[in-house]
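One structure below.
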Amino acid sequence: RDAVNIAAALAEAPTAMDNCTAVPALHLVSDVTTPDGSCGNAYVRVRTWNFTDGCGNTSADFVQTITVIDDTEPVVTTAAGSLDHTLQCSNL
């Protein structure tokens, strides 16, 4: 897994502005992770936020979708030829 980039994506959050409230309040409405049925390392995580101002007005939802895939094949780490053997048939 690309832990560094996944952590960076999770650290992100939307921002908003309002005509009367200097810093509208951020609310995490939902955070849903759906595993990929065919790959144990893959999933889709959908996070939904909204904002409220000082008078209780609520913004539209902001949705972030994080899709984690695994499309990298394994890499053979055993050196080529390292498992080859030449044996005398008398040793069988």
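The values are calculated or read from the model by the stated rules, or taken from the named source; none is laboratory data. Remember, it's a predicted structure, so these values are computed and weren't measured experimentally. Neighbour counts run over all protein chains shown; Cβ positions are idealised from the backbone, glycine included. Surface accessibility is based on the protein's heavy atoms, side chains included, excluding ligands, DNA and RNA. Shrake-Rupley method; radii C 1.70, N 1.55, O 1.52, S 1.80 Å.
Collect the residues in region 60-92 that are exposed (fewer than 10 other Cβ atoms within 10 Å of the Cβ), among the hydrophobic types (A, V, I, L, M, F, W, C) and either in contact with a Phe, Trp or Tyr (Cβ under 6 Å, 6 or more places away or on another chain) or assigned to a loop (DSSP other than H, G, I, E, B) (or both), keeping them in residue-number order.
Ala60, Val75, Val76, Ala79, Ala80, Leu83, Leu87, Leu92
With the condition kept exactly as written, say whether any residue in region 4-16 is modelled with pLDDT of 95 or more and in a strand (DSSP E or B).
So far as region 4-16 goes, no, none of its residues is modelled with pLDDT of 95 or more and in a strand (DSSP E or B).
Out of everything in region 17-59 that is of a type in the set (A, V, I, L, M) and either assigned to a strand (DSSP E or B) or in contact with a strand residue (DSSP E or B) (Cβ under 7 Å, 6 or more places away or on another chain) (or both), what residue ends up being least open to solvent (accessible area, probe 1.4 Å)? Spell out how you get there, then give the answer.
First, the residues of region 17-59 that are of a type in the set (A, V, I, L, M): 17, 22-23, 25-26, 28-29, 32, 42, 44, 46.
Now narrow it down to the ones that are either assigned to a strand (DSSP E or B) or in contact with a strand residue (DSSP E or B) (Cβ under 7 Å, 6 or more places away or on another chain) (or both): 25-26, 28-29, 32, 42, 44, 46.
Values: Ala25: 43, Leu26: 77, Leu28: 96, Val29: 80, Val32: 79, Ala42: 7, Val44: 53, Val46: 48 Å².
Checking each candidate, the answer is Ala42.
Would you confirm, using the coordinates I've provided, whether Glu73 is modelled with pLDDT under 95 and within 23 Å of the chain's Cα centre (by Cα)?
Yes, satisfied.
I need every pair where a residue in region 53-66 that is within 13 Å of Thr21 (Cα to Cα) has its Cβ under 8 Å from the Cβ of a residue that is hydrophobic (A, V, I, L, M, F, W, C) and open to solvent by 50 Å² or more (accessible area, probe 1.4 Å), sequence separation at least 6 or different chains.
Asp53/Cys20; Gly54/Cys20; Cys55/Cys20
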